[in-house]
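Heads up: the structure comes next, in structure tokens.
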Amino acid sequence: ETASEQVTVVGLLAKMGESFEETGGGKFILSSEDEGNFDLHGKEDELDEIYQQQIQAKVVGRITDEDTRPKVMEVDEVETA
């Protein structure tokens, strides 16, 4: 069961618009060079703090949907990369 396995992804944070949220997306996308894009759910305050600094983020979480683009990730931890 890969869905419950924790993964760590480092990438660039992007803040998404309201239309993205209305279709079930989160507030943030993490773009990584190797893993592609992740739709991040949870820890919005921490993500926002890092986003305000406009730097890379290291996100630890569980991918809850691998089949969508971007993949959906439930965030457990986030820190600056």
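Some points to look at:
- Only residues that are more than 14 Å from Val7 (Cβ to Cβ) and open to solvent by 50 Å² or more (accessible area, probe 1.4 Å) were counted in region 38-67, giving 12.
- Filtered residues of region 56-72 (kept if of a type outside the set (Ser, Thr, Tyr) and outside any strand (DSSP E or B)): Glu66, Asp67, Arg69, Pro70
- Cβ separations smaller than 8 Å between residues 6+ apart or across chains give the following pairs from region 9-34 residues that are more than 17 Å from Thr64 (Cβ to Cβ) and of a type in the set (Gly, Ala, Ser) to residues that are modelled with pLDDT under 95 and open to solvent by 90 Å² or more (accessible area, probe 1.4 Å): Gly11/Glu33; Gly11/Glu35.
- Among the residues of region 1-27, those that are part of a strand (DSSP E or B) and buried (at least 17 other Cβ atoms within 10 Å of the Cβ) comprise Val9, Gly11, Leu13.
- Conditions (1) assigned to a helix (DSSP H, G or I); (2) modelled with pLDDT of 95 or more: number failed by Leu30: (1)
The values are calculated or read from the model by the stated rules, or taken from the named source; none is laboratory data. Everything numeric in this text was worked out from a predicted model, so none of it was measured. Positions of Cβ are backbone-derived with ideal geometry, glycine not excepted, and every protein chain shown enters the neighbour counts. Accessible surface areas use protein heavy atoms only, side chains included; no ligands, DNA or RNA. Shrake-Rupley method; radii C 1.70, N 1.55, O 1.52, S 1.80 Å.
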